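Participant: Take a look at this one; I'll ask things after.
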Amino acid sequence: MLRVSNKGRNIPQSPIRKLVPFAEAAIKRGTEIFYLNIGQPDIKTPKIALDAVRNIDMEVLEYSTSNGSETYRDKLVGYYKRHQIDINNEQVLVTTGGSEALYFTIASITDPQDEIIIPEPFYANYTSFSIAAGVNVVPINTNINDGFALPNINEFEALITPRTRAILICNPGNPTGTVYSKEEIKQLKKLVVKYDLFLIADEVYREFVYTEEGHYSVMQEEGMEPNAIMIDSTSKRYSMCGARVGCVVSRNPELISTVMKMAQSRLCPPTLAQIAAEAAIDTPQSYFDEVRKEYIGRRDVLIRELGKIEGIEVVKPKGAFYCLVDLPIDNADKFARWMLEEFSDNNQTVMVASGSGFYSTPNIALSQVRIAYVLKKEKLIRAVEILKKGIEKYNEK
């Protein structure tokens with residue numbers, strides 16, 4: 001009998017995208033949807049990036065090199081230098097989005113049945129990439145009651161086995177909005193150096209930190225140069241999610257050469273998107289200042305409005321543009337689908353992502369949802385109003 005692979009069967013559906021068919025059906029019924037489920041910003045892409053593609057003077061759309069065009073990597077080196085990260089262009093490998101960067105990295109440092117320790121909740125695709133590579137995710141739980149703070153290093157150490165190959169963090173965090181401090185990075189450094197592990201840091205939300213301390217990269221920390229791997233992307237920074245340009249950054253030459261072999265198998269990252277990404281690096285700081293100010297305002301409005309819902313629990317995010325919200329409901333999966341299939345207020349409803357999809361441990365956080373505050377303030381206010389009415393109606397059933 002024909003069958004697909006066990007790993008294919010075991011890869012979970014995206015908690016962010018699995019409700020799309022129900023959303024499409026709601027739209028066909030004429031229902032307007034406020035999309036709180038996905039990190040697709042409505043911030044304008046920098047004009048300089050779009051103009052670079054519009055004004056392209058090219059007769060043949062050629063391959064780039066497998067590790068990305070040299071001119072783009074050179075400009076990335078300059079970008080990182082402005083963020084106190086000193087590297088050269090041979091330590092950067094351009095990928096087709098941050099997702100490919102993550103998968104190539106995990107596949108390059110692990111063998112089947114190896115383990116990666118990840119604080120949960122975490123970006124749902126970490127599970128998918130790990131299963132595809134035959135790797136076991138070892139979750140270490142964080143809790144909404146203490147702001148999803150990084151667990152004590154002793155708790156990490158207790159999970160390390162002979163099969164452990166890496167610790168993976170997202171900083172700032174998706175879906176929690178948590179930002180790890182310089183001291184926390186130093187504690188993780190001690191652990192990965194002691195046990196000869198990799199420390200992978202997904203830093204795609206670097207620009208979106210709302211604390212005075214700012215962002216501290218694993219690439220800034222001295223003394224773990226062979227261990228540190230940074231994952232980055234243009235998607236959120238420049239609001240160009242559709243470009244699909246990311247990168248792997250490491251001072252470990254064997255890691256980069258291994259990722260390069262995987263990169264060669266897919267030939268090259270997209271040429272047009274690299275042209276846009278290269279131009280985007282010249283985006284003025286004023287753009288980021290305005291975007292950061294806008295997200296802080298949206299965050300504050302969202303937290304204020306959510307506070308009007310009785311029985312809700314939410315942590316004010318310190319970075320990125322997400323928060324996990326514990327709702328006074330029995331099951332977020334059922335609730336999210338019900339909101340699309342059976343509920344509307346003035347022919348409007350909201351779409352949220354079930355929080356349980358961001359956990360590896362089963363049967364926890366069943367009443368949590370992730371909300372992305374990527375809508376304008378007035379839309380966020382209306383979305384939370386609909387959410388409140390939906391919760392009240394749902395609990396009457």
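The values are calculated or read from the model by the stated rules, or taken from the named source; none is laboratory data. Keep in mind the model is a prediction, meaning the values are calculated, not measured. Reconstructed Cβ throughout: ideal geometry from the backbone, glycine too, with neighbour counts over all protein chains shown. Calculation scope for accessible area: heavy atoms of the full protein, side chains included, ligands and nucleic acids excluded. Shrake-Rupley method; radii C 1.70, N 1.55, O 1.52, S 1.80 Å.
Participant: Can you spot a residue in the stretch 87-107 that is acidic (Asp, Glu) and either part of a strand (DSSP E or B) or free of Cβ contacts under 8 Å to residues at least 24 places away in the same chain (or both)?
Facilitator: no
Participant: Glu310 passes all but one of (1) in contact with a Cys (Cβ under 8 Å, 6 or more places away or on another chain); (2) in a loop (DSSP other than H, G, I, E, B); which number fails?
Facilitator: The single condition Glu310 does not satisfy is (1).
Participant: Can you name the residue in the stretch 245-291 that is in a loop (DSSP other than H, G, I, E, B) and of a type in the set (A, V, I, L, M) and is also farthest from Asp202 (Cα to Cα) among such residues?
Facilitator: Leu267
Participant: Name the single residue, out of those in the stretch 217-226 being buried (at least 20 other Cβ atoms within 10 Å of the Cβ) and in a loop (DSSP other than H, G, I, E, B), that is farthest from the chain's Cα centre (by Cα).
Facilitator: Of the stretch 217-226, the ones buried (at least 20 other Cβ atoms within 10 Å of the Cβ) are 217-219, 224.
Narrowing further to those that are in a loop (DSSP other than H, G, I, E, B): 217, 224.
Working: Ser217: 16, Met224: 24 Å.
My answer is Met224.
Participant: Name every residue in the stretch 277-291 that is under 27 Å from Leu36 (Cα atoms), out of contact with any Asp or Glu (no Cβ under 7 Å at 6 or more places or on another chain) and either open to solvent by less than 20 Å² (accessible area, probe 1.4 Å) or touching a residue at least 12 places away in the same chain (Cβ under 8 Å) (or both), in order of residue number.
Facilitator: Answer for the stretch 277-291, where residues must be under 27 Å from Leu36 (Cα atoms), out of contact with any Asp or Glu (no Cβ under 7 Å at 6 or more places or on another chain) and either open to solvent by less than 20 Å² (accessible area, probe 1.4 Å) or touching a residue at least 12 places away in the same chain (Cβ under 8 Å) (or both): Ala277, Ala280, Tyr287, Val291.
Participant: What about Ile116, is it in contact with a Lys or Arg (Cβ under 7 Å, 6 or more places away or on another chain), within 18 Å of Asn227 (Cα to Cα), open to solvent by less than 10 Å² (accessible area, probe 1.4 Å) and in contact (Cβ under 8 Å) with a residue 24 or more places away in the chain?
Facilitator: Yes: the conditions hold for Ile116.
Participant: So for the stretch 365-384 (the condition being among the β-branched types (Val, Ile, Thr) and touching a strand residue (DSSP E or B) at 6+ places or on another chain (Cβ under 7 Å)), does at least one residue qualify?
Facilitator: yes
Participant: Would you check if Ile229 is over 30 Å from Glu294 (Cβ atoms), in a strand (DSSP E or B) and either of a type in the set (Ser, Thr, Tyr) or in contact (Cβ under 8 Å) with a residue 12 or more places away in the chain (or both)? Lay out the reasoning, then the answer.
Facilitator: Working: over 30 Å from Glu294 (Cβ atoms): yes; in a strand (DSSP E or B): yes; either of a type in the set (Ser, Thr, Tyr) or in contact (Cβ under 8 Å) with a residue 12 or more places away in the chain (or both): yes.
So Ile229 fits the description; yes.
Participant: Tally up the residues in the stretch 275-299 that are more than 13 Å from Thr234 (Cβ to Cβ) and small (Gly, Ala, Ser), please.
Facilitator: The number of residues fulfilling the criteria is 2.
The rows are residues; the columns are (1) surrounded by 21 or more Cβ atoms within 10 Å (Cβ to Cβ); (2) under 24 Å from Ser235 (Cα atoms); (3) among the charged types (D, E, K, R).
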{"residue": "Gly319", "(1), (2), (3)": "yes, yes, no"}
{"residue": "Glu342", "(1), (2), (3)": "no, no, yes"}
{"residue": "Thr349", "(1), (2), (3)": "yes, no, no"}
{"residue": "Gly355", "(1), (2), (3)": "yes, yes, no"}
{"residue": "Asn363", "(1), (2), (3)": "no, no, no"}
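Participant: Go over the candidates Leu327, Leu306, Leu302 one by one and state the one that is open to solvent by less than 40 Å² (accessible area, probe 1.4 Å), in contact with a Ser or Thr (Cβ under 8 Å, 6 or more places away or on another chain) and within 25 Å of Lys376 (Cβ to Cβ).
Facilitator: Only one candidate passes the filter, namely Leu327.
Participant: With polar (S, T, N, Q) and surrounded by 22 or more Cβ atoms within 10 Å (Cβ to Cβ) as the only criterion, which of Thr234, Thr271 stands out?
Facilitator: Thr234
Participant: Another question, then. Would you mind telling me which numbered condition in (1) open to solvent by 20 Å² or more (accessible area, probe 1.4 Å); (2) within 22 Å of the chain's Cα centre (by Cα) Leu159 fails?
Facilitator: (2)
Participant: Is it the case that the stretch 266-279 has a residue that's hydrophobic (A, V, I, L, M, F, W, C), out of contact with any helix residue (DSSP H, G or I) (no Cβ under 7 Å at 6 or more places or on another chain) and under 19 Å from Phe148 (Cβ atoms)?
Facilitator: Checking the stretch 266-279: not a single residue is hydrophobic (A, V, I, L, M, F, W, C), out of contact with any helix residue (DSSP H, G or I) (no Cβ under 7 Å at 6 or more places or on another chain) and under 19 Å from Phe148 (Cβ atoms).
Participant: Looking only at the stretch 157-180, how many residues end up being in a loop (DSSP other than H, G, I, E, B) and either in contact (Cβ under 8 Å) with a residue 40 or more places away in the chain or within 15 Å of Glu222 (Cα to Cα) (or both)?
Facilitator: Total meeting the criteria: 12.
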